[in-house]
Amino acid sequence: MVDGHWDPVLFAIPFFFLAIWWEMRAIGAQRRQGKPRAGFFRADSRASLLMGTVSLLTVGLVNVAGYFIAHWLFDHRIADLGSSAAGWIVAVVGWDFIYYWHHRWQHEIRVLWACHVNHHSSERYNLTTALRQPWFPIDGILQFPLLALLGIPPWLIAT
């Protein structure tokens, strides 16, 4: 919860694990029918789950730091969009724009790639692979809080 607002990702987690369970069962059924499927490899899936768990902790710390920076920047904002329709639109479009460059730079700048490469390290592609998130996306601390300068409240940036 951020400033009294729930993080929507928390509501998605049970559905994500339900989808992983369904995918594992579907791949198993196809294998039993003699259809070759790469699917899941226990050690790889376990590694993905562990990496996702560590990512929740480390990225959580990075997000807390970014949240405090956003609070400081919000005191120096050039506008005040608040939680109006315009605020939500600027928050969503601005966040997506920043995320695009954030992710692109993680592929193009070596030190950022070193933080991001684990996301691309699995030999198999399944839903657990999505849990292989960067452990320390330090550049996010400096990029996403910039939305506060446009008058987006920090809780909305976090949401």
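Structural remarks
- Residues of the range 90-115 satisfying the condition of being aliphatic (A, V, I, L, M) and buried (at least 16 other Cβ atoms within 10 Å of the Cβ): V90, A91, I98, L112
- Meets criteria (of a type outside the set (D, E, K, R) and surrounded by 16 or more Cβ atoms within 10 Å (Cβ to Cβ)) for S55: yes
- Of residues in the range 138-159 being touching a Leu at 6+ places or on another chain (Cβ under 9 Å) and open to solvent by 30 Å² or more (accessible area, probe 1.4 Å), the one farthest from D80 (Cα to Cα): I138
- When the range 120-137 is filtered for residues that are buried (at least 19 other Cβ atoms within 10 Å of the Cβ) and among the charged types (D, E, K, R), only R132 remains.
- Test result for Y67, in contact with a Pro (Cβ under 7 Å, 6 or more places away or on another chain) and either aromatic (F, W, Y) or open to solvent by 50 Å² or more (accessible area, probe 1.4 Å) (or both): yes
- Selection within the range 22-71 - of a type outside the set (S, T, Y), in contact (Cβ under 8 Å) with a residue 24 or more places away in the chain and under 19 Å from V9 (Cβ atoms): L49, M51, G52, V54, V59, V62, N63, A65, G66, A70
- Among the numbered conditions (1) open to solvent by 80 Å² or more (accessible area, probe 1.4 Å); (2) closer than 23 Å to A130 by Cβ; (3) of a type in the set (V, I, T); (4) in contact (Cβ under 8 Å) with a residue 12 or more places away in the chain, the only one that V9 does not meet is (4).
- Among the residues making up the range 31-52, those that are over 30 Å from P145 (Cα atoms), open to solvent by 60 Å² or more (accessible area, probe 1.4 Å) and assigned to a helix (DSSP H, G or I) are R31, R32, R42, R46.
The values are calculated or read from the model by the stated rules, or taken from the named source; none is laboratory data. All values derive from a computational prediction rather than experimental measurement. Methodologically, a virtual Cβ is constructed for each residue, glycine included, from the backbone with ideal geometry; neighbour enumeration extends over all protein chains shown. The area values use the complete protein model at the heavy-atom level, side chains included, leaving out ligands, DNA and RNA. Shrake-Rupley method; radii C 1.70, N 1.55, O 1.52, S 1.80 Å.
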